[in-house]
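Comments concern the structure below.
The values are calculated or read from the model by the stated rules, or taken from the named source; none is laboratory data. Quantities reported herein were computed from a predicted structural model and do not represent experimental measurements. These area figures cover heavy atoms from the full protein model, side chains too; ligands, DNA and RNA do not enter into them. Shrake-Rupley method; radii C 1.70, N 1.55, O 1.52, S 1.80 Å.
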Amino acid sequence: MSQPTLTRQVSALEADYGVPLLDRTTSRVDLTQEGHQLLDLCRPVFSRLDEIETFLKRQHTRSIRLDVVLCEVVSEILTLAYETFPDLTFNVRTLPSTNVMENLLDRAADFGLLTLPADVPPEIEHFLVYRARLVALVAKSHPWSRRRSISFRELDGQRIILGHTAGASRQLIDRNFTLHDVRPQVVQVIDSSELMIDLAERGVGIAVTGATGIIEKRLGLSLEFEEESTSIDVHFACRAERLRTQPFKAFFTFAKRHIALDETSSREQAPNHAKTSPRIRAISADGIRLKTE
């Protein structure tokens, strides 16, 4: 900034507020007492200007923080996003729906794929991605392995393996236990889907969890629960304020265009290209039998 421009701006500031900031003499210019006080107040603002500039520049190249529940849709959207947004990186974490929502509200995540609570906070923007179902996994040697369907009530008294209580699938399972007056014998609570499947294959118990599309590929067959109360709606969500800034708005619009559920052709997690596990079959609430390859 040139000295004449600086002089005009300081003079205008003094005139606007009637406060002398500079003590001008023929030989020098110094700050008045008020000028020193104003400078002290402004120093913290000046110190953050570089931080502000860095933040604004980063909005064009920053990474997208994506917290998700485990499902095939994550791979689908990332595959498309890498092609559409080559300058972005995506930091993905798999978490229970409750934790995904907490991170969205705390601004610890930019977007989330999750099951929403009954009372969705007003600051959350979202759209439906798919309707999943609960799945019961049993060993091939289990008496139910050749059945086409079961009732949720048949879980009463059975040895059951469940996921963590923070997960939306687990909360839906617990609600169905109460709704249908089922008193299972819970033998293991575990976070790992892979370990849950392995324990079910070994006959430790019946694993009850949410269908993800990934599990079904490994299992190969999908049978149904008879109750409609086992359906889970999964949404793509973010804080509405995110949509005022690029690239967040572009990514949200992109996701909505490619993975939003078409209500007229209900997308359910039941892939028909699944492979059969040698020792286990699945009983799931989506009611669709999968053919083995």
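So the values come out like this:
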read-out: Nonlocal amide H pairs with residue 22, under 5 Å, H built at 1.01 Å; value: 32
read-out: Whole-Hz couplings from phi, Karplus 6.51/-1.76/1.60, listed for segment 125-133; x for Gly and Pro; value: 9, 7, 8, 6, 9, 6, 10, 9, 9
read-out: Relative contact order (percent, whole number), segment 1-147, Cα cutoff 8 Å, 6+ residue spacing; value: 16
read-out: Whole-Å semi-axes of segment 1-94's equivalent ellipsoid (Cα gyration tensor); value: 53, 14, 10
read-out: Amide hydrogen neighbours beyond the local backbone of residue 129, cut-off 5 Å, H modeled; value: 234, 235, 236, 261
read-out: Cα centroid separation, segment 78-124 to segment 141-178 (Å); value: 28
read-out: Average Cα contact separation per residue, segment 77-200, under 8 Å, 6 or more apart, as relative contact order %; value: 23
read-out: Segment 72-135 - percent of accessible surface contributed by carbon and sulfur, probe 1.4 Å; value: 50
read-out: For segment 87-151: accessible area per residue (Å², 1.4 Å); value: 47
read-out: In Hz, Karplus ³J(HN,Hα) per residue of segment 14-24 (6.51, -1.76, 1.60; θ = phi - 60°; x = Gly, Pro); value: 5, 5, 4, 10, x, 10, x, 10, 10, 9, 9
read-out: Ranked order, 17, 130, 82 - accessible area, probe 1.4 Å, largest first; value: 17, 82, 130
